[in-house]
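Q: Next up is a structure, given as structure tokens.
The values are calculated or read from the model by the stated rules, or taken from the named source; none is laboratory data. All figures in this text were calculated on a predicted structure; none of them were measured in a lab. In this analysis, Cβ positions are derived from the backbone assuming ideal geometry, glycine residues included, and neighbour counts consider all displayed protein chains.
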Amino acid sequence: MTTTERQRSTETALDFDAIVIGAGFGGIYALHKLRELGYRARVIEMGDGVGGTWFWNRYPGARCDVESIEYSFSFDPRLEQEWNWTEVMPPQPEIEQYLNFVTDRLELRPDIQFETKVTAMTWDEDACAWTVETDRGERYTSRFVIAATGCLSAPLTPDIKGMDSFGGISLFSNNFPKEGFDFSGKRVAVVGTGSSGVQSIPVVAAQAEHLTVFQRSAAYTMPANNRPLAPGELEQLKAGYPELREAQRASLAGVVRFGGALRAGDPPTRKILETAPEERMQLIDTLGWAAPVAWADVMVDMEANHAATELYAELIRRAVKDPDVAEALIPHYPMGCKRQIIDTDYFATFNRENVSLVDLRRDPLVEVTPSGIRTEHEDFALDVILYATGFDAMTGALNRIDIRGHEGASLREFWESEGARTYLGLQVAGFPNLFTVTGPLSPSVLANMVLGIEHHVEWIADCIEYAREHGYRRIEPTAEAQDAWVEHSNSLVEGSIRTDDSCNSWYVGANVPGKKRVYMAYTGGFPKYRERCAEIADAGYEGFALS
Ligand code: NAP
């Protein structure tokens, strides 16, 4: 059944009740939810398939760091039971297949317009609606716009001199060829050692004739401990779904089962600074890669953080045979400041004969040449360069659309001058009827994304229903409510490792030259956040102006 067949809307003067941007987890669920409620909705998607992050990031080794059983929709038990995961940590192809399965199962495809980019959006105060423009020259009017544009979806292409002159093949982790790429017999470079680089390096190394890793900042990474699900294991997990979902919602990060090396369910209580140095080191033998992270004080006390980093350094020294390479792989910034990465065979890869590491802090990258990469000390002849250089996170995707709200105000200019400001990560003052799924200053990237997305989509759908029932056509946060939320969100991270000057992560926008430094996720935990959102809705959407 398509939107038009089930519509309940009376808004015939507008093309749509809601336009949803993006067909990843967020867009797919938003479309389903809105259609269920009888709204005329359309998803506009840049790619030629569904998946969002999991459509574009198809680099070798791409895998989610949340267990498959938890990284899936919870809103429909039939979907949970019908889909079969094969591994503990889901690989990219399987997540993409899963999202295609959901799309087809819910018959969503007819209402998704593929290969179309939203280029501009203008708020029309008289019509109380958005005009949405696309790169195909279309102009749609819609009462609401739901930006399901993703947190890490605006690729950041590095500004390296000579990149375009390279005579070999340039690949990008965040826009990897759909047909895959065979690295066999090739001299390959990977530039970037964040999550994407760390995941792809072992897989590329296993194929390439030679792999040179160009590392600017070393990675804090630990084994994913991935494995195929054992016979009968999936059935058992599926039987426990109701309890699992409940536990997920009650947990700080929306995650209960931790497949990675560490991560005990409860926050640790023991302090590293109150533990004798010899005992800390002994813990490496018992806890392995969990030893550096299992402490209560590492995220709030820099001295504790340094002590934990020492344990991490020791683990790397044990894993990597060449002492110089091991030293270069030890991070020189606080642990926990960037995203903790999980990997498969990352450090062991540097013990391979065909892999070498270039530490760009000691030998800076000068330029890309027609035949390879030149650093200050050396020329590297290459056939392929794989850039895994990250994203303009949280605000990037929306900033790439020319969004004009109340009185022509530009969202891009607002965020560029003031930093990422929102109310609850759901709306921005001055931009009525625009909802952001897992927007800045919501738990988003610090929680299980799928759970965060479901929560937001359901909250937004309830809000739209409330507006319809009460005859409201316009909703936006008050500037005061937004200011208070920004202040609250910022106050939670002030003084922590995450916002320390030495911590230059994408969470604070430090990877984008000139981006205003703001910690862009809400760190108060998923349960508290949900509670606050519910209270606000129950109080008649407190802090929002409805008219
Ligand atoms: P990233 O974490 O931002 O890493 C980018 C890497 O490229 C960094 O090592 C960075 O060095 C380097 N880099 C950037 N520009 C460079 C330049 N001009 N020259 C040399 N090196 C340069 O990006 P990402 O790896 O794509 O990951 C982004 C986020 O996506 C992750 O933190 C995670 O949240 C998510 N992700 C998750 C998964 C998963 O679930 N398993 C997988 C992939 C991504 P500096 O650090 O020095 O800037």
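Q: Please verify whether Gly254 is among the small types (Gly, Ala, Ser), buried (at least 19 other Cβ atoms within 10 Å of the Cβ), at pLDDT 95 or above and within 16 Å of the ligand (Cβ to nearest atom), treating the condition exactly as stated.
A: Details: among the small types (Gly, Ala, Ser): yes; buried (at least 19 other Cβ atoms within 10 Å of the Cβ): yes; at pLDDT 95 or above: no; within 16 Å of the ligand (Cβ to nearest atom): yes.
No.
Q: Still on this structure, I have one more. Could you list, in sequence order, the residues of the stretch 527-547 that are in contact with a helix residue (DSSP H, G or I) (Cβ under 7 Å, 6 or more places away or on another chain) and either small (Gly, Ala, Ser) or assigned to a helix (DSSP H, G or I) (or both)?
A: Those that are in contact with a helix residue (DSSP H, G or I) (Cβ under 7 Å, 6 or more places away or on another chain) and either small (Gly, Ala, Ser) or assigned to a helix (DSSP H, G or I) (or both): Pro527, Arg530, Cys533, Ala537, Gly543.
Q: Further question: Could you grab me the full set of residues in the stretch 222-257 that are within 23 Å of the chain's Cα centre (by Cα), touching a residue at least 24 places away in the same chain (Cβ under 8 Å) and part of a helix (DSSP H, G or I)?
A: Listed by number, the residues that qualify are Leu244, Arg245, Gln248, Arg249, Ala250.
Q: What number of residues in the stretch 497-516 are among the hydroxyl-bearing types (Ser, Thr, Tyr), in a loop (DSSP other than H, G, I, E, B) and more than 10 Å from the ligand (Cβ to nearest atom)?
A: 1
Q: Here is a follow-up. Determine whether Pro370 is out of contact with any strand residue (DSSP E or B) (no Cβ under 9 Å at 6 or more places or on another chain) and buried (at least 18 other Cβ atoms within 10 Å of the Cβ).
A: On the way: out of contact with any strand residue (DSSP E or B) (no Cβ under 9 Å at 6 or more places or on another chain): yes; buried (at least 18 other Cβ atoms within 10 Å of the Cβ): no.
Answer is no for this residue.
Q: Would you check which residues across the stretch 370-393 are within 15 Å of the ligand (Cβ to nearest atom) and assigned to a strand (DSSP E or B) and list them?
A: Correct list: Gly372, Ile373, Arg374, Thr375, Phe380, Ile385, Leu386, Tyr387, Phe391.
Q: On the basis of being in a loop (DSSP other than H, G, I, E, B) and more than 16 Å from the ligand (Cβ to nearest atom), does Arg468 make the cut?
A: Answer is no for this residue.
Q: Return yes when Ala219 is assigned to a loop (DSSP other than H, G, I, E, B), hydrophobic (A, V, I, L, M, F, W, C) and buried (at least 19 other Cβ atoms within 10 Å of the Cβ) and no when it is not.
A: yes
Q: Looking at the stretch 128-200, what strands (runs of 3 or more DSSP E) fall wholly within it and have at least 1 residues that are at pLDDT 95 or above, of a type in the set (A, V, I, L, M) and closer than 30 Å to Asp15 by Cβ?
A: Qualifying strands (runs of 3 or more DSSP E): 129-134, 139-147.
Q: Also: Would you check which residues across the stretch 110-152 are without any contact (Cβ under 8 Å) to a residue 24 or more places away in the chain and farther than 30 Å from Ala388 by Cβ and list them?
A: Hits for the stretch 110-152 are Asp124, Asp126, Thr131, Glu133, Arg136, Gly137, Glu138, Arg139.
Q: Please state which one of Ala481, Ala461 is in a helix (DSSP H, G or I) and more than 23 Å from Asn399 (Cβ to Cβ).
A: Ala461
Q: When you check Ser496 against the structure, is it hydroxyl-bearing (Ser, Thr, Tyr) and buried (at least 20 other Cβ atoms within 10 Å of the Cβ), yes or no?
A: It is false that Ser496 is hydroxyl-bearing (Ser, Thr, Tyr) and buried (at least 20 other Cβ atoms within 10 Å of the Cβ).
Q: Quick check on this structure: which one of Pro77, Pro60, Pro93 is surrounded by fewer than 16 Cβ atoms within 10 Å (Cβ to Cβ) and within 16 Å of the ligand (Cβ to nearest atom)?
A: After applying the criteria, what remains is Pro93.
Q: May I ask you to list the residues in the stretch 311-334 that are charged (D, E, K, R) and either surrounded by fewer than 16 Cβ atoms within 10 Å (Cβ to Cβ) or in contact (Cβ under 8 Å) with a residue 40 or more places away in the chain (or both)?
A: If the condition is that a residue be charged (D, E, K, R) and either surrounded by fewer than 16 Cβ atoms within 10 Å (Cβ to Cβ) or in contact (Cβ under 8 Å) with a residue 40 or more places away in the chain (or both), then Arg317, Arg318, Lys321, Asp322, Asp324, Glu327 are the ones that fit.
Q: For the structure I just gave you, tell me whether Ile146 is of a type in the set (A, V, I, L, M, F, W, C), more than 13 Å from the ligand (Cβ to nearest atom) and either in contact with a Lys or Arg (Cβ under 7 Å, 6 or more places away or on another chain) or within 16 Å of Gly52 (Cβ to Cβ) (or both). First the steps, then the outcome.
A: Values: of a type in the set (A, V, I, L, M, F, W, C): yes; more than 13 Å from the ligand (Cβ to nearest atom): yes; either in contact with a Lys or Arg (Cβ under 7 Å, 6 or more places away or on another chain) or within 16 Å of Gly52 (Cβ to Cβ) (or both): yes.
It is true that Ile146 is of a type in the set (A, V, I, L, M, F, W, C), more than 13 Å from the ligand (Cβ to nearest atom) and either in contact with a Lys or Arg (Cβ under 7 Å, 6 or more places away or on another chain) or within 16 Å of Gly52 (Cβ to Cβ) (or both).
Q: Determine, yes or no, whether Gly408 is touching a Lys or Arg at 6+ places or on another chain (Cβ under 6 Å) and modelled with pLDDT of 95 or more.
A: Taking the combined requirement at face value, the residue does not satisfy it.
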